[in-house]
Amino acid sequence: MANRSLASRRQTIIAIFVAVGLIFLGRLFYLQVIDDSYELSANNNVLRYVTQYPARGLIYDRKGELLVYNEAVYDLMVIPRQVKDIDTAEFCLLLGISHEGFVTRMKKAREYSRFKPSLFEKQISKETFGYLEEKMYRFPGFFVQPRTLRKYPRPMAAHLLGYVGEVNQSVIDKDPYYKSGDYIGISGIEKSYEEILRGKKGIKIRMVDVHNREVGSFQDGLYDTLAVMGSDLHLTIDGALQEYGEQLMQGKMGSVVAIEPSSGEILAFLSSPTYDPNLLVGRVRSKNFSMLNQDPVKPLLNRAMMGQYPPGSTFKMVNDLVGLQEGVLGTRTHYSCQGPGSSPIRCTHNHQSPLDVYVAIQQSCNPFHWHVYRSILNNPARKNVRENYVAWRQHVMSMGFGHKLGTDLQYELSGSVPEAARFDAIYGKGRWNAMTVRSLSIGQGEILVTPLQLANSAVVMANRGYYYVPHVVRTVGEKDTQRGRFKKVVSSIDPKHYEVVVEGMRQVATMGTARWYQVEDITMCGKTGTAENPHGKDHSLFMAFAPADNPVIAIGVIVENSGFGSTWALPIASLMIEKYIKGEVRRKDIEDRMMNGKLF
């Protein structure tokens, strides 16, 4: 009996030891085979994973001139757990930071992770890096990671090119590519083509000793991956024309957009006032951004796509085209100017009366275009004014107004061509007529356009009824991947009607309000506009294309708070046309007046 009891206890003890042994073996198997956290922790003591940031793609203009390149800088990284017994006073002196700044940075790094590297000080210059590199062994837990910043050899096209900044948490949460401290395109081309420009990250695994000194690659770089540089972009922009336009617009608020009609390629895209894009690079970016953002003239605002203005008289040909298409206007139609005071829309010019559509465009006759617009809305072919207005709006929209054109830049605004429902809400359905919305006949009232849309309207006229979606990138890398990407848009107006308004625009440049600025040997077709501004002096507008046959450039210019269209917008546009087509400007008197004219 006692022997059986002893044997039972022995078996129980053996079972306990076996069970404990199995538990230890199971745990050991889990730690060594399944759970790699301890391995990673051990490796982190001897291995350093250094992200290899790719250089962003370079940016060139249409002629191959370099507009944006990269310059090397260095980020100081920290692994908080490894920071021990360092001379913080010497460290702060080397970096030019305060002790409070050191404490704040370390706190932020610990909150991110005690074991993973995070950014301690960004964008250290080559000079500071040189001093720091010699003493890095004295500061365990810190290491330097190279990267690049954008540089601009010619301080121009800031709104077009955009800028790069540190990625925010919302982007990190959405896209696993980005980590804290990474850079991303914030605006302009840098934003629109971010995935193409950014390239692909690589990684280097380095072995370090107890003194924080690198002693070589891990397994001879077997597990390293190379960074892949982003693709280069060749833009449609003519750098010389862009630079010239910015010089002409110095001291003025407004925008100039020039487009090649046959392709939709944007030749110049500028907003004024502008700024040197180098101001938003590096450690001074935050300070300079705040300074620019507080400037009352709003240099950060991209007026070319985000400015919205009444088109004024530059819109009159649009109404003429709708009238011709709807059959309520013909080349033999004549309307009396009626003289000042005898029409709800007054004339501001002295000219013959009655007049036809050609002379009406040439002389920019307000009463004539009021009659055309009224006849469109009172067209007996439809039930009522509202239905005619809806048809009118559809024609206008087909010519590129009242909606985003779909360009390859971000933050484009749509302008405004109000829906009939808007007038229903204001006046009541069936209770408004042509008189109620008469301001639309001369490009005033509720209608608004962007400078990009104004230039595009000149493209539609130049092409006799169609446009290609305006865009700023010509090729990506060595391949013409953009060809066919930007679609052709055809208006609802028969091409034959465009010949009528184009002839009127030609007469504007040869016999009308633009005759004093005709470029020698170049037949320009255009239209001036003076847009009423409820907040101050009228805006000066001009749209044109040249030459009249086989045009190579279409342009829209808006100069804010500057008066008549022929005073500022017209001469600036004519100089831009001369510069692009001839390569040089001979009308130095006009050039000097525009260059030296300051409006704010």
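The values are calculated or read from the model by the stated rules, or taken from the named source; none is laboratory data. None of these values were measured; they are calculated from a predicted model. As a convention, Cβ positions derive from the backbone with ideal geometry for all residues, glycine included, and neighbour counts pool all protein chains shown.
Within the range 116-153, which residues are surrounded by fewer than 17 Cβ atoms within 10 Å (Cβ to Cβ) and modelled with pLDDT of 90 or more?
151, 153
Identify the single condition in (1) loosely packed, with under 12 Cβ neighbours inside 10 Å; (2) in contact (Cβ under 8 Å) with a residue 40 or more places away in the chain; (3) among the polar types (S, T, N, Q) that residue 98 does not satisfy, given that it satisfies every other one.
(2)
Residue under question is residue 89, and the condition is that it be surrounded by fewer than 15 Cβ atoms within 10 Å (Cβ to Cβ) and of a type in the set (Gly, Ala, Ser); does it hold?
When the stated conditions are applied, residue 89 passes them.
Please find, among 74, 53, 131, 69, the residue that is of a type in the set (Ser, Thr, Tyr) and farther than 21 Å from residue 226 by Cα.
Testing whether each residue is of a type in the set (Ser, Thr, Tyr) and farther than 21 Å from residue 226 by Cα leaves just 131.
Would you mention how many residues in the range 568-600 are surrounded by fewer than 23 Cβ atoms within 10 Å (Cβ to Cβ) and in a loop (DSSP other than H, G, I, E, B)?
Total meeting the criteria: 9.
Need the failing condition index for residue 307 against (1) at pLDDT below 95; (2) surrounded by 14 or more Cβ atoms within 10 Å (Cβ to Cβ); (3) not hydroxyl-bearing (Ser, Thr, Tyr), just the number.
(1)
Can you confirm whether the range 571-584 contains a residue that is within 25 Å of residue 444 (Cβ to Cβ), at pLDDT 95 or above and among the hydrophobic types (A, V, I, L, M, F, W, C)?
yes
Can you say whether residue 472 is under 27 Å from residue 538 (Cβ atoms), of a type in the set (A, V, I, L, M, F, W, C) and in contact (Cβ under 8 Å) with a residue 40 or more places away in the chain, as far as the supplied structure shows?
no
Which members of the range 541-572 meet the condition of being among the small types (Gly, Ala, Ser), in contact (Cβ under 8 Å) with a residue 40 or more places away in the chain and farther than 14 Å from residue 462 by Cβ?
Answer for the range 541-572, where residues must be among the small types (Gly, Ala, Ser), in contact (Cβ under 8 Å) with a residue 40 or more places away in the chain and farther than 14 Å from residue 462 by Cβ: 562, 565, 566, 569.
Every residue, every condition in (1) in contact with a helix residue (DSSP H, G or I) (Cβ under 8 Å, 6 or more places away or on another chain); (2) surrounded by fewer than 17 Cβ atoms within 10 Å (Cβ to Cβ); (3) of a type in the set (Lys, Arg), yes or no:
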| position | (1), (2), (3) |
| --- | --- |
| 169 | no, yes, no |
| 180 | yes, yes, no |
| 197 | yes, no, no |
| 200 | no, yes, yes |
| 205 | yes, no, no |
| 223 | no, yes, no |
| 226 | no, yes, no |
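Residues checked against (1) in contact with a strand residue (DSSP E or B) (Cβ under 8 Å, 6 or more places away or on another chain); (2) assigned by TED's automatic domain parsing to the domain that holds residue 413; (3) not in a helix (DSSP H, G or I):
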position: 84; (1), (2), (3): no, no, yes
position: 104; (1), (2), (3): no, no, no
position: 110; (1), (2), (3): no, no, no
position: 130; (1), (2), (3): no, no, no
position: 153; (1), (2), (3): yes, no, yes
position: 189; (1), (2), (3): yes, no, no
position: 195; (1), (2), (3): no, no, no
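Out of all the residues in the range 357-406, which are modelled with pLDDT of 95 or more and among the hydroxyl-bearing types (Ser, Thr, Tyr)?
Those that are modelled with pLDDT of 95 or more and among the hydroxyl-bearing types (Ser, Thr, Tyr): 358, 373, 375, 389, 398.
Are any residues in the range 197-219 free of Cβ contacts under 8 Å to residues at least 60 places away in the same chain and in a strand (DSSP E or B), and if so, which ones?
Once the filter is applied, which keeps residues that are free of Cβ contacts under 8 Å to residues at least 60 places away in the same chain and in a strand (DSSP E or B), the range 197-219 yields 215, 216, 217.
With the condition kept exactly as written, say whether any residue in the range 473-491 is of a type outside the set (Ser, Thr, Tyr) and surrounded by 23 or more Cβ atoms within 10 Å (Cβ to Cβ).
Yes, that holds for at least one residue.
With touching a residue at least 40 places away in the same chain (Cβ under 8 Å), more than 30 Å from residue 62 (Cβ to Cβ) and surrounded by fewer than 18 Cβ atoms within 10 Å (Cβ to Cβ) as the only criterion, which of 327, 323 stands out?
327
With more than 38 Å from the chain's Cα centre (by Cα) and either crowded, with 18+ Cβ neighbours inside 10 Å or touching a residue at least 24 places away in the same chain (Cβ under 8 Å) (or both) as the only criterion, which of 379, 366, 388 stands out?
Every option except 379 fails the conditions.
State all residues of the range 236-294 that are surrounded by fewer than 19 Cβ atoms within 10 Å (Cβ to Cβ) and at positive phi; if no residue qualifies, say none.
Of everything in the range 236-294, those that are surrounded by fewer than 19 Cβ atoms within 10 Å (Cβ to Cβ) and at positive phi turn out to be 251, 282.
Test of understanding: among 504, 529, which residue is crowded, with 18+ Cβ neighbours inside 10 Å, touching a residue at least 12 places away in the same chain (Cβ under 8 Å) and either under 31 Å from the mean Cα position of the chain (by Cα) or not assigned by TED's automatic domain parsing to the domain that holds residue 571 (or both)?
529
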